[in-house]
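This report concerns only the one structure given below.
The values are calculated or read from the model by the stated rules, or taken from the named source; none is laboratory data. Being a predicted model, the structure only gives us computed values, none of them experimental. With ideal geometry, Cβ positions are generated from the backbone for all residues, glycine too; neighbour counts draw on all protein chains shown. Side chains are part of the model used for accessible areas, which takes the heavy atoms of the whole protein and leaves out ligands, DNA and RNA. Shrake-Rupley method; radii C 1.70, N 1.55, O 1.52, S 1.80 Å.
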Amino acid sequence: MLDLQRLRALHAVSVHGTVGAAAAALGYTPSAVSQQIAKLERETRTVLLERRGRGVRLTEQAEQLAATAQELLAIVERAETDLEERRGMPAGRLTVAAFASAARGLMPAVLADLAVRHPALDTRLTEIDPHLSVDLVARGAVDMAVAHDWDISPLPAPPGVEQAVIGDDLCDLLVPAGHPFAGRASVRREDLGGQRWICQPPGRVCHDWLVRTLRVAGSEPDIVHQAEENPTLIALVAAGLGVALIPRLGRGPLPAGVVEVALDPLPVRRLYALWRAGAARRPAIAETVRTLRSHWPTLTARP
């Protein structure tokens, strides 16, 4: 008999790409995941992982076994959904993937609320890029994702994945206090040419939105500094090194020397909750979506 937890560990490695990332998603240590897979290798008398540089790759036999594991985990999910639906109350484990500013600005209050009102529900959070998290939902690696898209860059939901809107997050132009824009009530997108930009790296949604928007407005952005986290971007603005476009969710109070200026029209990113269609009947899904919406911060509202 193949052990389901060992199959779950193998499936996690196939989805996340590394033992460390799989361990983080499962809430285990990398050593525990490695031990699970080593036991699975002994049980199946098959080599499942091969060393590749500093990482590992799944063998062909492991890829086949991981695909079977995904089917088995889907069956288990349906059984758990049936039981939870019969009970009529949220229960069991619910894994949620959220992007950085949602993990900071929205999820703490949501998780605390769920823990108090539904002690039988074990909700666990992983911070991850929104476009990656949607694929993790589709492949069964997490139960729910909190993701976002921008007004000119829609977020596609793959087949078998359902979604619900949480709310709209508005974005503002942040400039140093001495900047010519600092005294203006608003700035048009057409006026943004010639600025020194501080932005996230290429491949991130915010970076792609900025490049596309400025090109449509007739200018090529001069991106002089790049950083992953919004607090770092804001610190660079505070130092007078450029301007940045930062969403309101999870932004927190602005430091001295940084001024918020509205763009006309205001950029909007929309937040979604996504889950697999097969789990839609879980009370935990419905209750988590309801709680996400109820905690949607008022600070993101249009002024």
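Over the heavy atoms of E228, what accessible area does a 1.4 Å probe trace out, to the nearest 10 Å²?
90
Using a 1.4 angstrom probe with every protein chain in place, what is the largest-first accessible-area order of M89, M107, M1?
From most exposed to least exposed: M1, M89, M107.
Find, to one decimal place in angstroms, the Kirkwood hydrodynamic radius of the range 157-226, where the mean of 1/r is taken over every pair of different Cα atoms and then inverted.
Result for the range 157-226 stands at 14.4 Å.
Evaluate Rg over Rh across the chain, taking Cα atoms for both radii and Kirkwood's formula for Rh.
With Rg and the Kirkwood Rh in hand, the quotient comes to 1.04.
Taking 0.36 nm per intervening residue step and subtracting the Cα-Cα distance, what contour gain separates Q61 from R117 on full extension?
Between Q61 and R117, full extension yields an extra 15.7 nm.
Using only Cα positions of the range 26-156, each an equal point scatterer, no hydration layer, compute I(q)/I(0) via Debye at q = 0.10 Å⁻¹ and quote the log10 values to two decimals.
-0.46
Name the longest site-free stretch of the chain, where the excluded sites are trypsin sites (Lys or Arg not before Pro) in a DSSP loop with no more than 12 other beta-carbon atoms within 10 Å.
No qualifying site falls inside 55-303, the longest such stretch.
Report the FRET efficiency, 1/(1 + (r/R0)^6), for V224 and R188, where r is their Cβ-Cβ distance and R0 is 25 Å, rounded to 0.05. Please report the intermediate quantities before stating the final value.
Values: r = 22 Å, r/R0 = 0.88.
The value I calculate is 0.70.
Pick from D122, D113, D264: which is most flexible by mean-square fluctuation in a GNM of the chain where alpha carbon atoms under 10 Å apart are linked?
Maximum fluctuation in the GNM of the chain, among the listed residues, is at D264.
Please state, as a whole number in µm²/s, the translational diffusion coefficient that the Stokes-Einstein equation yields for the range 1-50 at 20 °C and 1.002 mPa s, with Rh defined as the Kirkwood radius across alpha carbon pairs.
Stokes-Einstein gives a translational diffusion coefficient of 204 µm²/s.
Starting from 0.36 nm per residue, how many nanometres of slack lie between L132 and V161 once their C-alpha separation is accounted for? Provide the component values of the computation, followed by the final result.
Numbers: separation 29, 0.36 × 29 = 10.44 nm, distance 1.38 nm.
Going from the current span to full extension adds 9.1 nm.
Accessible area of W296, 1.4 Å probe, to the nearest 10 Å²?
50
So what's the convex hull volume per residue for the Cα atoms of the range 175-303, in Å³?
About 132 Å³ per residue, rounded to a whole number.
Evaluate the distance, in nm, between pseudo-label points positioned 7 Å from the Cα of E71 and of R87 along their respective Cα→Cβ axes.
Reported label-point gap for E71 and R87 is 2.9 nm.
So which DSSP H runs in the chain come out at 30 Å plus along the axis (Cα) with average Kyte-Doolittle of at least -1.0?
For the chain, where a helix must reach 30 Å along its axis and average at least -1.0, the hits are 60-87.
What is the magnitude of the charge dipole of the range 100-195 about its Cα centre, with +1 placed on the Cβ of each Lys and Arg, -1 on the Cβ of each Asp and Glu, and no other charges, expressed in debye to the nearest 20?
200
Run lengths n ≥ 4 of DSSP H only: what is the helix-derived mean residue ellipticity at 222 nm for the chain, with -39500 (n - 2.57) per run over all residues, to the nearest 500?
Numbers: 10 runs with 123 residues, N = 303.
One gets -12500 deg cm²/dmol as the mean residue ellipticity at 222 nm.
Between A286 and D3, what is the FRET efficiency for a Förster distance of 35 Å, r being their Cβ-Cβ separation, to the nearest 0.05? Display every interim value, and only then the final one.
Details: r = 32 Å, r/R0 = 0.90.
That gives a FRET efficiency of 0.65.
Set the Förster radius R0 to 51 Å, insert the Cβ-Cβ distance between L266 and E80 as r into 1/(1 + (r/R0)^6), and round the FRET efficiency to 0.05.
0.75
Contour minus end-to-end for A32 and A177, with contour as 0.36 nm per residue of separation and end-to-end as the Cα-Cα distance?
Difference between extended and current length: 47.1 nm.
Roll a 1.4 angstrom probe over the protein heavy atoms and tell me the percent of accessible area of the range 167-303 that is carbon or sulfur. Write down the numbers at each step before the final one.
Details: 3170 of 5960 Å².
Accessible surface attributable to carbon and sulfur in the range 167-303 totals 53 percent.
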